[in-house]
1. Being open to solvent by 30 Å² or more (accessible area, probe 1.4 Å) and not in a helix (DSSP H, G or I) is the filter here; which residues of segment 1-27 pass it?
2. Tell me the residue from ASN116, ASN125 that is within 13 Å of the chain's Cα centre (by Cα) and outside the structural domain of ALA44 (by TED's automatic domain parsing), please.
3. Only residues that are under 15 Å from ARG32 (Cβ atoms) and open to solvent by 80 Å² or more (accessible area, probe 1.4 Å): list them for segment 79-97, please.
4. State all residues of segment 50-85 that are under 16 Å from LYS113 (Cα atoms) and among the polar types (S, T, N, Q); if no residue qualifies, say none.
5. Consider VAL81 against the criteria (1) in contact with a strand residue (DSSP E or B) (Cβ under 8 Å, 6 or more places away or on another chain); (2) over 23 Å from LEU207 (Cβ atoms): it satisfies all of them except one. Which criterion is unmet?
6. Contact list please: Cβ distance under 6 Å, first residue in segment 141-156 and at pLDDT 95 or above, second residue more than 7 Å from the ligand (Cβ to nearest atom) and of a type in the set (D, E, K, R), pairs at least six apart or on different chains.
7. With a cut-off of at least 3 residues that are near the ligand (Cβ under 10 Å from one of its atoms) and hydrophobic (A, V, I, L, M, F, W, C), name the helices (runs of 4 or more DSSP H) lying wholly within segment 30-126.
8. Name every residue in segment 98-143 that is open to solvent by less than 20 Å² (accessible area, probe 1.4 Å), out of contact with any helix residue (DSSP H, G or I) (no Cβ under 7 Å at 6 or more places or on another chain) and within 18 Å of ALA194 (Cβ to Cβ), in order of residue number.
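The values are calculated or read from the model by the stated rules, or taken from the named source; none is laboratory data. In this text, all values refer to a predicted model and were calculated from it rather than measured experimentally. Cβ placement follows ideal geometry from the backbone for every residue including glycine, while neighbour counts extend to all protein chains displayed. For the accessible areas, the whole protein counts, side chains as well, though only heavy atoms, and no ligand, DNA or RNA atoms are used. Shrake-Rupley method; radii C 1.70, N 1.55, O 1.52, S 1.80 Å.
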Amino acid sequence: MTTLEQLSEAVGAGKAKDAKALTQRALDEGARPGDIVDKALVPAMAEVGERFKRNEIFVPEMLIAARAMKEAMNLLEPHLVAAGITPKYTAVIGTVQGDLHDIGKNLVVVMWKGANFRVVDLGTNVPPAKFVSAIQEHRPQLVGLSALLTTTMPAMVETVRIIRTSGCPPVKVMVGGAPITQQFANEIGADGYAADAGSAVDKARALVGAA
Ligand code: B1M
């Protein structure tokens, strides 16, 4: 098995120490930092997302894989910056105003980062105006809104409305969270909906034209 294959396996299995050591070994062997991301880390997290969608693994395993990915990325980041390699797509994400749930949103963040998106995480209880200023500042291709409460679904409606009418740069809007459905997404004029963090990657890539 090549070092990149071993690295992919270590990330998928959530072995953070091995992931770090194998990333260093790949660099020592002369692998390009971009190839380490594209050929080992991104496919590993894509596989994690697929297994999560099939209910073969659950939230803890996904978080452990994400931690292994993060170890590898910490080591790679200075090399990627030196090589002028930055993620092609930017996404802004947050949990809508009034809502403090962030476990699912954080998983989406992890998976988007794993798919090599730059992710600006605005956190929880995010007012519509904060989404608008983040869009103006970061010029993302994608904005993600998460809501876990039926009582905060109206804040999602309002956020989409304000993003659409505030004159900010064009951006695709994806929504998700336990009470959210494809029908609701259609009704409020969102561009996409994903039921879980694995599907959120496929949908994000499709929305930005990377699929
Ligand atoms: Co709250 N809570 N909670 N809670 N909480 C729920 C959501 C609830 C269903 C529990 C229940 O009553 N059975 C209920 C909502 C009922 C409703 O609205 N119909 C509820 C309630 C009522 C409340 C409070 C009002 C309770 C109170 O104070 N009386 C209060 C509200 C606080 C607030 O937000 N203002 C409250 C508070 C809390 C805690 C703070 C204690 C804690 C949150 C901690 C945190 O997030 N940091 C909490 C928790 C943990 C839950 C439950 C138990 C678990 C939620 C969770 O993390 N699930 C939840 C009950 C349940 O779901 N069993 C519950 C795991 C997570 C991985 O799944 O978040 O669905 P989920 O994310 C998934 C998908 O939805 C999707 O991908 C994720 C990964 O696959 N997804 C997206 C999420 N965002 C996405 C965005 C996307 C795409 C996909 O694109 C952008």
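1. MET1, THR2, ALA13, LYS15
2. Values: ASN125 fails: within 13 Å of the chain's Cα centre (by Cα).
Within the list ASN116, ASN125, the selection yields ASN116.
3. Going residue by residue through segment 79-97, those that are under 15 Å from ARG32 (Cβ atoms) are 79-86.
Result: HIS79, VAL81, ALA82, THR86.
4. Across segment 50-85, the qualifying residue is only ASN74.
5. Evaluating VAL81 over (1) in contact with a strand residue (DSSP E or B) (Cβ under 8 Å, 6 or more places away or on another chain); (2) over 23 Å from LEU207 (Cβ atoms) leaves (1) as the failure.
6. Short answer, once both residue conditions are applied: LEU142/LYS172.
7. Numbers: elements: 33-36, 42-53, 59-82, 103-114.
Answer list for segment 30-126: 59-82, 103-114.
8. LYS105, VAL109, PRO140
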